Amino acid sequence: NRPAWLDAYDNAVHESMRFLDLVYEVASARGGEVFLLYTSDHGENLLDDDRALFQHALGAPSRWDTRVPLVAMANAAWRARQPARWEQMQRNLAQPLMHADVVPTLLGAANITYDEPRTTVVDLTRASPGARTRLVVQRLGHAVDGDQLK
């Protein structure tokens, strides 16, 4: 069944991107600046390795269900007003990011400043993440190094 599961997952990704493109087009057509970020809350285990894991939210997280993409879109109006920030976003394309970076990045894109007590999160429109441990919550009160997951 793995080929069917992969097809279903690919179709879900395709439909998600189609929806994001539509949201972006509608927002851009209204005029003004548009900055859109999207990420999934989880990936999926699809018999990807010799452990034959399937689905997500298992007892122990895997790299297959914790590593997800971050999609960033900005229209010409936003990029024209924020060229340095868009260039910084481009530099971050291949960086290991965290879900915790999403809110600071959205606020930064909107020019909203606030005091961020956490030293490990990054506004991706202003900086690149340095060396850091990307934690994954394994169970309530217990986090593991996400980069060490199999």
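The values are calculated or read from the model by the stated rules, or taken from the named source; none is laboratory data. Treat the numbers as computed from the prediction; the structure is a model and nothing was measured. Here the Cβ is made from the backbone with ideal geometry for all residues, glycine too, and neighbour counts use every protein chain on show. Side chains included, ligands, DNA and RNA excluded: accessible areas come from the protein's heavy atoms. Shrake-Rupley method; radii C 1.70, N 1.55, O 1.52, S 1.80 Å.
Specify the residue that is least open to solvent (accessible area, probe 1.4 Å); the eligible residues are those in segment 57-84 that are touching a residue at least 60 places away in the same chain (Cβ under 8 Å) and assigned to a loop (DSSP other than H, G, I, E, B).
Across segment 57-84, the extreme among qualifying residues is SER62.
Within segment 104-150, track down each residue that is charged (D, E, K, R) and either under 24 Å from GLN82 (Cβ atoms) or modelled with pLDDT of 95 or more (or both).
ASP115, GLU116, ARG118, ASP123, ARG126
Within segment 104-150, count every residue that is of a type outside the set (Ser, Thr, Tyr), under 26 Å from ASP65 (Cβ atoms), under 16 Å from the mean Cα position of the chain (by Cα) and in a loop (DSSP other than H, G, I, E, B).
Total satisfying the criteria: 5.
Could you figure out which of (1) at pLDDT 95 or above; (2) under 26 Å from LEU135 (Cα atoms); (3) β-branched (Val, Ile, Thr) isn't true of THR66?
(1)
May I ask you to list the residues in segment 100-115 that are open to solvent by 70 Å² or more (accessible area, probe 1.4 Å) and of a type in the set (Val, Ile, Thr)?
VAL103, ILE112, THR113
Return the total of residues in segment 4-32 being of a type outside the set (Gly, Ala, Ser) and surrounded by 16 or more Cβ atoms within 10 Å (Cβ to Cβ).
1
Which condition from (1) touching a residue at least 24 places away in the same chain (Cβ under 8 Å); (2) outside any strand (DSSP E or B); (3) open to solvent by 50 Å² or more (accessible area, probe 1.4 Å) is the one that LEU97 breaks?
(3)
Residues to consider are ARG132, ARG118; find the one that is more than 28 Å from PHE19 (Cα to Cα), surrounded by 12 or more Cβ atoms within 10 Å (Cβ to Cβ) and of a type in the set (Lys, Arg).
ARG132
Quick one: in segment 33-56, of everything that is among the hydrophobic types (A, V, I, L, M, F, W, C) and not in a loop (DSSP other than H, G, I, E, B), which residue is most open to solvent (accessible area, probe 1.4 Å)?
Once the filter is applied, the top-ranked residue is PHE54.
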